[in-house]
Amino acid sequence: MSKLPEKANVVVVGGGVIGCSIAYHLAKLGWSDVVLLERQQLTSGTTWHAAGLIGQLRPSINMTKLARYTSELYHGLEAETAQATGYRQCGSISLATNNERFEELKRSASMARVFELPVNVLSPGEIAERYPLITTEDIVGGIHIPSDGYANAVDITQALAKGARNHGARIFQDTKVTDIHHDNSKVTGVGTREGDIDAKYVVICGGMWSRDLAASIGVTVPLHACEHYYVLFESVAGLDPELPVLRDYDACSYYKYDAGKLLVGAFEPNARPWGSGGIPEDFCFDEIAGNFEHFEPVLEDAMARMPALQDAGIQKFFCGPESFTPDVRYHLGQAPELKNCFVAAGLNSIGLQSAGGIGKVMAEWIRDGQPPVDLWEVDLRRNMPFQRNRKYLRERVSESLGLLYAPHWPYRQYTTSRGVRKSPLYDRLAAIGACHGEAFGWERPNWYAPEGVTPEYAYSYGRQNWFGFSAAEHKSVREGVGLFDQTSFAKFRLQGRNAMSVLNRVCANDIDVKPGRLVYTQWLNDNGGIETDLTVTRLAENAFLIVTSAETEIRDFHWLRQLIPSAAHCVLTNVTSGFGVLSIMGPRSRDLLQSLTPADMSGEAFPFATSQEIELGYAMVRASRITFVGELGWELYVPTEFMLGVYDEICAAGESFGLVHAGYHALNSLRIEKAYRHWGHDITDEDTPLEAGLGFAVKLDKSGGFIGREALLVQRETGVSKRLLQFRLQDPQPLLYRNEPIWRDGQLVGYIRSGAYGHSLGACIGLGYVNCEPGTDAGTCCEHRFEIEVAGMRIAADASLRPLYDPENKRIRC
Ligand SMILES: Cc1cc2nc3c(=O)[nH]c(=O)nc-3n(C[C@H](O)[C@H](O)[C@H](O)COP(=O)(O)OP(=O)(O)OC[C@H]3O[C@@H](n4cnc5c(N)ncnc54)[C@H](O)[C@@H]3O)c2cc1C
């Protein structure tokens, strides 16, 4: 073996398909000194036993784009590297055996149109023609993707490794990374038994080993291995190499031609976690024993679907470990805890079909210091530190694996690892019928079941069982007063002599306001893209309260932390656990709160966007006059130990004001009517405030400037090429969720970022960007015929630049 270098630009840890793809793409970008270290042999972890399916349609637009790029890359890889890849575009068919599944598939087919991935919707007869080996009596329909296929995972990895070497990368096998070195703020290299390598960047692509390797340097990578099974059948009558890959989602199984045999694999419910006590040090091209009885029900269903299997022989029963993650989404990006430490791991059994896209975006992310496209759904920064707890992971991944093929119901909730983070009110709210949903470990009331109704979801693509209850909560907030428990908000305190100047450079709005004022603002990246969307309250001259969503707690905290200059007198503290939040919203909120506090809650004494400490019950509570529902209201920040007392007082007084409890589904339907943008959906790091219609919250001329200002100045000059619009379907029946294509005068011009039923506007409301000619008047954007496509049907829609609900903000500023 050649000698390890003492220095490298990038060290990639792990020689599976992911590590090899990242090394390939970095080298192809022209990066020199890319070194890949593999503890055993290339592919010897999970990659060698991948079944080889290369599918492209994923549950979201950006994930589908990555998978699509992978397919295109593999198409040309053999010609580029002269290394066989076994890549074959035989197409794929996905089956639906019930109408709900068929709707899901048709919605996916509609989404695929956004980026011109051809998808055909098939009848049972057409499926039988294309796949004569199966019984189709129970099939309702399906979809066919002609450009899907399969490949040999080992060969693809070797081709990527060869391509990487051809572009100058160096690969060392039998070289385990024993330590990752750092100086407490950034990585500085790695240690191996063969010597140390100083490196500017380290990329952890260690598959199921990644969690522990990352934990050794304080980086959170929540994943846990699970057993994953397939069976190879030989002598299958009628087997044809031209057969498409078949996915029978409702039987959680897939079928693939495999060198003269038929491979049947599964994503079964109640999977078996593996390796909780550690992964054997000598693991190399290993199989695990597995449990045939566990897999037997899948085989029985397979034999019913494909009768020829009953007479075929089982050549191999295979079980191998693969990493799964708590939300069945992989982990990409830079560790928030440690600069220049990147991670790509937790592939949830789609590593082969994702590797090309992952390699490309990771290489660009490392080069540019920021993701090339919105990758929030897989961004490492979404993870909470508690998620590397093994009990949590072990229980959750037993559910994760099966969710790959389970119906992707809107609002679907996990059933494992629940009750992790709770508001002090949890028991009180559960006792009055709260149906809690899980978000980032938090249990949050999504809707309230009236007496006699069990607070449980009955899922469908239509109106789910909670629709009417949530509608009633929505209307009560519009007409009276509602209470939301928003304790899960992330809360930070920034204080010190330089707190204002540091924070004002990060905020696009001006936060140099009088103490007691509250400012809605975005934080931007250098391109003007929106990194987050939050409120800042000036508590005192040198102290600020920053409130952001539960989802972005880690992302936002570290974004700000890294922007505090080392010489600045300024301390950032995460005070999330110190305060519960009760939001009292609706036209009667003032009367209710006034009955409980000696503070003057009138419009004159307590105007919109101000914040005061008030007495409430026995507590001193910070009341902030702000709203995410489009009504008069206050968010109350209550010290955690006072929450129960304050809540009880509000409920007792609330009876005479008709106070209702309202959940997160109502919060969502209320905010979307008012066209309040939700970060992660309607606004992301790819969208600027000018495109999103948030220019009012940007102070281009404030002294000292802010991050992203220069990009916005350029964009203001040239004009935006897309604009966020609010849509209201003309037909009150169909439901929007997200990713539905937007048609303008018969042309596809965008897709819905978020959708919900507007109970006051009487139809589904969606927010989405549409392409526009830079320089055209924004007002003309709406002067067209719009349609939104839902499961293949185009529904006429009205479009508006201004919120359809209360465009003048009269209900808020009273
Ligand atoms: C039965 C089965 C079927 C599958 N079928 C498909 C499929 O059809 N399509 C699909 O897309 N995906 C499939 N997958 C999933 C796919 O195989 C994985 O997602 C993918 O291989 C993961 O690649 P990786 O590079 O992240 O991990 P790995 O292949 O495990 O690579 C990680 C590497 O890192 C090395 N390493 C770890 N720690 C260190 C260290 N400290 N120093 C140096 N090296 C280290 C390991 O030795 C290992 O080689 C399947 C998986 C299974 C189990």
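What the table below lists for this structure:
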item	result
Selection from segment 727-736 of residues that are in a loop (DSSP other than H, G, I, E, B) and among the charged types (D, E, K, R)	ASP731
Condition met for ASN739 (open to solvent by 10 Å² or more (accessible area, probe 1.4 Å), within 22 Å of GLU551 (Cβ to Cβ) and in a helix (DSSP H, G or I))	no
Residue match in segment 699-712 (condition: in a loop (DSSP other than H, G, I, E, B), closer than 19 Å to GLU531 by Cα and without any contact (Cβ under 8 Å) to a residue 24 or more places away in the chain)	yes
Strands (runs of 3 or more DSSP E) completely within segment 475-590 that count 3 or more residues being of a type in the set (D, E, K, R)	530-540
Any hit, segment 87-95, residues being within 30 Å of GLU129 (Cβ to Cβ), in contact with a Lys or Arg (Cβ under 8 Å, 6 or more places away or on another chain), within 14 Å of the ligand (Cβ to nearest atom) and outside any helix (DSSP H, G or I)	yes
Flag for SER476 being small (Gly, Ala, Ser) and open to solvent by 30 Å² or more (accessible area, probe 1.4 Å)	yes
Top-ranked residue in segment 209-253 [being more than 11 Å from the ligand (Cβ to nearest atom) and among the acidic types (Asp, Glu); ranked as most open to solvent (accessible area, probe 1.4 Å)]	GLU242
Scan of segment 643-692 for residues that are over 26 Å from ALA763 (Cβ atoms), free of Cβ contacts under 8 Å to residues at least 60 places away in the same chain and touching a strand residue (DSSP E or B) at 6+ places or on another chain (Cβ under 9 Å), ordered by number	GLY645, GLU649
Matching option when the condition is open to solvent by 10 Å² or more (accessible area, probe 1.4 Å), in contact (Cβ under 8 Å) with a residue 60 or more places away in the chain, within 21 Å of GLN41 (Cβ to Cβ) and not β-branched (Val, Ile, Thr), among LYS176, LYS200	LYS176
Every residue from segment 24-57 that is within 11 Å of the ligand (Cβ to nearest atom) and either assigned to a helix (DSSP H, G or I) or open to solvent by 20 Å² or more (accessible area, probe 1.4 Å) (or both)	ARG39, GLN40, GLN41, THR46, THR47, TRP48, HIS49, ALA50, LEU53
Candidate set: segment 254-274, residues that are within 12 Å of the ligand (Cβ to nearest atom) and among the small types (Gly, Ala, Ser); chosen: the one surrounded by the most Cβ atoms within 10 Å (Cβ to Cβ)	ALA266
Check on ARG497, among the charged types (D, E, K, R) and buried (at least 16 other Cβ atoms within 10 Å of the Cβ)	no
Count of residues meeting criterion [among the aliphatic types (A, V, I, L, M) and more than 19 Å from TYR330 (Cα to Cα)] in segment 189-221	4
Hey, GLY586 touching a residue at least 40 places away in the same chain (Cβ under 8 Å), surrounded by fewer than 20 Cβ atoms within 10 Å (Cβ to Cβ) and on the phi > 0 side of the Ramachandran plot or not	no
Hits in segment 667-688 - residues which are open to solvent by 10 Å² or more (accessible area, probe 1.4 Å) and of a type in the set (D, E, K, R)	ARG677, ASP685, GLU686
Residues of segment 554-602 satisfying the condition of being hydroxyl-bearing (Ser, Thr, Tyr) and farther than 22 Å from TYR664 by Cβ	SER566, THR573, SER595, THR597, SER602
Every residue from segment 746-758 that is polar (S, T, N, Q) and either touching a Pro at 6+ places or on another chain (Cβ under 9 Å) or open to solvent by 50 Å² or more (accessible area, probe 1.4 Å) (or both)	GLN747
Unmet requirement for SER71, which otherwise passes all of (1) hydroxyl-bearing (Ser, Thr, Tyr); (2) within 26 Å of the chain's Cα centre (by Cα); (3) open to solvent by 60 Å² or more (accessible area, probe 1.4 Å)	(3)
Residues of segment 321-334 satisfying the condition of being part of a strand (DSSP E or B) and open to solvent by less than 10 Å² (accessible area, probe 1.4 Å)	PRO321, SER323, PHE324, HIS331, LEU332, GLY333
Strands (runs of 3 or more DSSP E) completely within segment 112-208 that count 3 or more residues being modelled with pLDDT of 95 or more, over 30 Å from GLY320 (Cβ atoms) and away from the ligand (no atom under 11 Å from the Cβ)	120-122, 187-192, 195-204
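Let's see how each residue does on (1) crowded, with 21+ Cβ neighbours inside 10 Å; (2) out of contact with any strand residue (DSSP E or B) (no Cβ under 9 Å at 6 or more places or on another chain); (3) of a type in the set (D, E, K, R):
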residue	(1), (2), (3)
VAL698	yes, no, no
ASP701	no, yes, yes
PHE706	yes, no, no
GLU717	no, yes, yes
LYS722	no, no, yes
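The values are calculated or read from the model by the stated rules, or taken from the named source; none is laboratory data. Computed from a predicted model, the values in this text were never measured in an experiment. Backbone-built Cβ (ideal geometry, glycine too); neighbour counts: all protein chains shown. For accessibility, only protein heavy atoms count, side chains too; no ligands or nucleic acids. Shrake-Rupley method; radii C 1.70, N 1.55, O 1.52, S 1.80 Å.
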